[in-house]
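Note sheet for the following structure.
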Amino acid sequence: MPPVSAKSIPWVELYRPKNLDQVSHQVEVVATLKKAVETGQLPHLLLHGPPGSGKTSVALALCKQLYHPSQLKRRVLELNASDERGISVVRDKIKQFASLTVGGSSKSSGSNKMKSSFLVKKDNQKDEKMDEGEDTKHYPNPPFKIIILDEADAVTPDAQAALRRIIEAYSNITRFILICNYVSRIIEPVASRCAKFRFQSLPVDSMKKRLQDIASHEGLTVKDDIVDEVLKLSGGDMRKAVTTLQCVHSLGGSSSCNVTTETIYEMVGLCTPGVFDALWEDIWSGEIGRVQKTVDDICADGFSAQFLLDGLTDKVVSSDKINDMAKATIAIKIAEAEKMMIDGADEGLQLMNVCSHALTAVATSKK
Amino acid sequence: MLWVDKHRPSKLEDLTFHGDITSRLEAMASRPQTMPHLFFYGPSGSGKKTRISSLLRGLFGHGTERLKLDKRTFKTPSNKTIEINMITSNYHIEISPGDAGNNDRFVVQSVIKEIASNTNVTTSKEKAADFKVVVLSEVDRLSRPAQAALRRTMEKYSHTCRLILCCNNLSKVIEPVRSRCLGIRVGAPTHDEICDVLKVVARKESITLPDELAINIARESSRNLRRAILMMEACHVQKRDGLTANQPVPKTDWELYIAQLAKDIAAEQTPQKLLAAREKLYELLVNCIPASVILKTLVQELTKNLDDTLKPQVFEWAAFYEHRIAMGSKEIFHLEAFIAKFMAIYKKYLNELFG
């Protein structure tokens, strides 16, 4: 990789935790993994949790703490959804890497020496220790390699099945770290071979602390209400919060003067609260013509109907003017429309359908 | 050259409406180092592509205007070859990976990696940013695996390449991809903004555009600027000797055709009429009008003169059948089913009304 100025690296990458201590909030996971670093004993891991909660960061930080930087390339294989991960890759690439014995020094990493015998391996390890001397002392450098399978829920069930045996067969020299959002998409036999760690969405205060750290590091002064808004909209997703903060920086410069809360709404692709209010008022008025016009305008303005439905749900549920029956009918319609939109149906028509149902429900509830 | 292309602004400072977006883009172009991945979304004809190309020009200078069309072939692991067109310049590359259909994942995986792994040959210019840009259009057509493939790539190669995504429908893009980008909502221009643009174009073409006609065109264009300019050009072609205030705005013939169809359906609800409607539908489909567009326009026409009590039902069934069109494979069935349903609803209503 050619040298690049640190400036052009997005903050999300730049401020990725470099060791386990820097990881925000995930106390239990970090404590357990730190133990693992100290003892050099590591089970297979399955990290799961919502996006932006720090799963990949923890995995990378762990590897960085286990191995000397010069070893990192040889000891860690990172595969994610951007790589081809069909069953053939599991059979060839992963299997090959997994079966490779550890400690092949740079000289012997040629493909013909891959099947180096156990004895040779031991020798090499000794050599290495002598070569790198002092440096490696800080690293436990445990005698196994790590394969990180990021976004493992996107791996096909077939390929996962192929993993089952590989995980077991090479467990003496290879550890797997599976990372996914939805643990239910990992087949049970694979999941049961790993120690599961659930990551929680980050709470507001620990995110705020991190954002302020980054801001002060970048020499950016942000008003408190902007930070709060960023946090509110990111919904516990650290990556989103940091990206938004960077966007605030790149738009407004170091003083973030011309950034309003509304621009933040737009940056993350949400509609401004005013849009819901207008729509809700139209539905309340009971004139379907007015609703139709508003819905057309909303679609023309490019707002995403899916977020609009989110907001509408809040409005409906919290409204004290309509009865529970009406709320239920509207909620069912919203759910149906959401599913249809995901299937690829037209947003305008679905939104119109929801709104016209809401309109009738509101009208009956008024009586 | 069509007026739409001829008068398309190519510089950031020439962009007419959405001043707030323009100023944000200008801020980005002046500090290329801090530019994040971008995500433009908004309805068609609102100027997303225009903004992207002006931003590229702002970032890299004139070089982005020297475009060439490349045809690339890829081999998938299952030994299928896919061909895909891309528009490239020295600084950026533009593809719409949705064209590759089911195999879009491989395109995303290979193209971006390839581009990202070799850095930009930066010219001596100080201002030029030291990264390449990949413009992916129609991201909403990308399959889920392809979008998943984007996730990590966007992070990993972010120092050598920036992505600019462009799509109409934000909700079809998965959250992890959205959260990695700075979203820029490009709303459709309002009627007044369209009028202003039309006047500018008219002045450049040195024709006089009466205010009434401009307003009419803007109203007919359903807030689509591209369409408005095309309409004005059509008006101009019809009346070479100067535009008049009350001249009719030409509608496209398929719209008129659907309007006629809607009239027929509302006039008489019988199996014979349904059969006649089938012919019209086939005619539309043969002429490559997408089924969902037919349905939407039809609903609009049908609800124009409909009693308010019936509208919710019509919308419900329209939404229902439009979903089926998206899911199913034979569009004509669902279109016909909708018309039959509408006829049934309408007939029942008439019977109750007149006994």
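Report yes if B:Arg51 is of a type outside the set (A, V, I, L, M, F, W, C), within 14 Å of chain A (Cβ to nearest Cβ) and in contact (Cβ under 8 Å) with a residue 40 or more places away in the chain, otherwise no. Talk me through it step by step, then tell me what you get.
Numbers: of a type outside the set (A, V, I, L, M, F, W, C): yes; within 14 Å of chain A (Cβ to nearest Cβ): yes; in contact (Cβ under 8 Å) with a residue 40 or more places away in the chain: yes.
Yes; evaluated as a whole, the condition is true for this residue.
Just to be sure, is A:Ser108 at pLDDT below 85 and under 26 Å from the mean Cα position of the chain (by Cα)?
It is false that A:Ser108 is at pLDDT below 85 and under 26 Å from the mean Cα position of the chain (by Cα).
Quick one: in segment A:283-292, of everything that is part of a helix (DSSP H, G or I) and touching a residue at least 40 places away in the same chain (Cβ under 8 Å), which residue is farthest from the other protein chains (Cβ to nearest Cβ)?
Filtering first and then ranking leaves A:Trp284.
Please go through segment A:293-309 and pick out each residue that is at negative phi, assigned to a loop (DSSP other than H, G, I, E, B) and open to solvent by less than 30 Å² (accessible area, probe 1.4 Å).
A:Phe303, A:Ser304
Taking the residues in segment B:259-299 that are within 28 Å of the chain's Cα centre (by Cα) and of a type in the set (S, T, N, Q) as candidates, determine which candidate is nearest to B:His334 (Cα to Cα).
Only one residue tops the list, namely B:Ser292.
Can you say whether B:Arg162 is facing chain A (nearest Cβ under 10 Å) and part of a helix (DSSP H, G or I), as far as the supplied structure shows?
Working: facing chain A (nearest Cβ under 10 Å): yes; part of a helix (DSSP H, G or I): no.
Judged against the criteria, B:Arg162 is not a match.
How many residues are surrounded by 19 or more Cβ atoms within 10 Å (Cβ to Cβ) and within 20 Å of the chain's Cα centre (by Cα) when one looks only at segment A:25-43?
Count: 5.
So B:Lys156 clears everything in (1) closer than 16 Å to A:Asp150 by Cβ; (2) crowded, with 23+ Cβ neighbours inside 10 Å except one condition, right? Which one?
Unmet condition: (2).
For residues in segment B:306-341 being part of a helix (DSSP H, G or I) and small (Gly, Ala, Ser), which is farthest from the chain's Cα centre (by Cα)?
Restricting to residues being part of a helix (DSSP H, G or I) and small (Gly, Ala, Ser), the top hit is B:Ala340.
Name, by its number, the condition in (1) touching a residue at least 40 places away in the same chain (Cβ under 8 Å); (2) more than 8 Å from chain B (Cβ to nearest Cβ); (3) acidic (Asp, Glu) that does not hold for A:Asp310.
Exception for A:Asp310: condition (1).
Please work out if B:Arg180 is in the same structural domain as B:Arg152 (by TED's automatic domain parsing), in a loop (DSSP other than H, G, I, E, B) and either open to solvent by less than 30 Å² (accessible area, probe 1.4 Å) or closer than 28 Å to A:Met340 by Cβ (or both). I'd like the intermediate steps shown before the answer.
Working: in the same structural domain as B:Arg152 (by TED's automatic domain parsing): yes; in a loop (DSSP other than H, G, I, E, B): yes; either open to solvent by less than 30 Å² (accessible area, probe 1.4 Å) or closer than 28 Å to A:Met340 by Cβ (or both): yes.
Against the criterion (in the same structural domain as B:Arg152 (by TED's automatic domain parsing), in a loop (DSSP other than H, G, I, E, B) and either open to solvent by less than 30 Å² (accessible area, probe 1.4 Å) or closer than 28 Å to A:Met340 by Cβ (or both)), B:Arg180 qualifies.
Could you run through segment A:192-207 and say how many residues are assigned to a helix (DSSP H, G or I) and in contact (Cβ under 8 Å) with a residue 40 or more places away in the chain?
2
Restricting the search to segment B:203-251, which residues are of a type in the set (D, E, K, R) and closer than 24 Å to B:Ser46 by Cβ?
B:Arg203, B:Lys204, B:Glu205, B:Asp211, B:Arg219, B:Glu220, B:Arg223, B:Arg226, B:Arg227, B:Glu233, B:Lys251
Hey, does segment B:57-75 have a residue that's more than 14 Å from chain A (Cβ to nearest Cβ), surrounded by fewer than 20 Cβ atoms within 10 Å (Cβ to Cβ) and closer than 24 Å to B:Arg152 by Cβ?
yes
If I go through segment B:171-210 residue by residue, how many of them are farther than 30 Å from B:Trp3 by Cβ and either more than 8 Å from every other protein chain (Cβ to nearest Cβ) or in contact (Cβ under 8 Å) with a residue 24 or more places away in the chain (or both)?
10
The values are calculated or read from the model by the stated rules, or taken from the named source; none is laboratory data. Since the structure is predicted, the reported quantities are computational estimates derived from the model, not experimental observations. FYI the Cβ positions are ideal-geometry reconstructions off the backbone, even for glycines, and counts take in every protein chain you see. The protein model used for the area step is the full one, side chains on, heavy atoms only, and it has no ligands, DNA or RNA in it. Shrake-Rupley method; radii C 1.70, N 1.55, O 1.52, S 1.80 Å.
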